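Only one structure is covered here, and it is reproduced in the block below.
Only the coordinates and a few stated rules stand behind these numbers; no lab work does. As the structure is a prediction and not an experimental result, all values here were calculated from the model. Here the Cβ is made from the backbone with ideal geometry for all residues, glycine too, and neighbour counts use every protein chain on show.
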Amino acid sequence: MLSKDAKILIVDDMKLIRTAMRKHLNRLGYMNVIEAVDGQDAVEKHASEHPGLIFMDVVMPKMTGSEALKQIRKTDQQTPIVMLSSVADETVVDECEEQGILGYVTKPVTDETGPWMIGDLLEQAG
């Protein structure tokens, strides 16, 4: 299990998704949550904040999640990254898996599915 004091970075261009993910993480006891609004912001926050886990949307402006993943993996092969998307595109999933992601989750993450799905990923990340 990922340590409760670990920083968790949520990357999504939709504030509603970031808020929902934060809520689920807070309910599980993870309060050290930081946010990024696009892939470029994610790369910068990763470099400055050194999160212990990243949840990252695939489709975003400025820099996509898969592009940000590639940038992050150039300097960091260890941080667990979970990709989030509303579409399960096999090509994108395969590209992300080649970069060493922890998992790929189809949005939306609901009150019914969120806690157990996030809990399972936190177990794997630890």
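Points to keep in mind about this one:
- Solvent-free Debye calculation, one equal scatterer per alpha-carbon of segment 50-97: log10 I(q)/I(0) at 0.17, 0.30, 0.31 Å⁻¹ equals -0.47, -1.31, -1.36.
- Length-normalised contact order of segment 1-59 in % [C-alpha pairs under 8 Å, at least 6 apart]: 51 percent
- Within the chain, helix-based [θ] at 222 nm, where runs of 4 or more DSSP H residues each add -39,500 (n - 2.57), nearest 500: -13500 deg cm²/dmol
- Hits among lysines - C-alpha to C-alpha of Lys107 under 18 Å, sequence gap 8 or more where chains match: Lys15, Lys23
- Per-selection Kirkwood Rh - segment 8-125 (Cα, Å, 1 d.p.): 13.9 Å
- Sparsely packed GluC sites (Glu not before Pro) within segment 1-109, loop by DSSP, other Cβ within 10 Å at most 16: none
- Annotation: aspartates and glutamates with alpha-carbon distance below 20 angstrom to Lys7 (same-chain offsets under eight excluded): Glu35, Asp38, Asp41, Glu44, Glu49, Asp57, Asp76, Asp120, Glu123.
- Two-site label geometry, Asp120 and Lys15: point separation in nm, points 7 Å out along Cα→Cβ: 3.2 nm
- Descending principal axes extents, segment 1-51, alpha-carbon based, whole Å: 28, 24, 13
- Unit charges at the beta carbon, dipole of the chain: most positive-side option, Val37, Ala68, Ser48: Ser48
- R0 of 35 Å, Cβ-Cβ distance Thr75-Glu112: FRET efficiency to nearest 0.05: 0.40
- The spread of Cα positions in segment 56-126, taken along each principal axis and listed from longest to shortest, comes to 34, 26, 21 Å.
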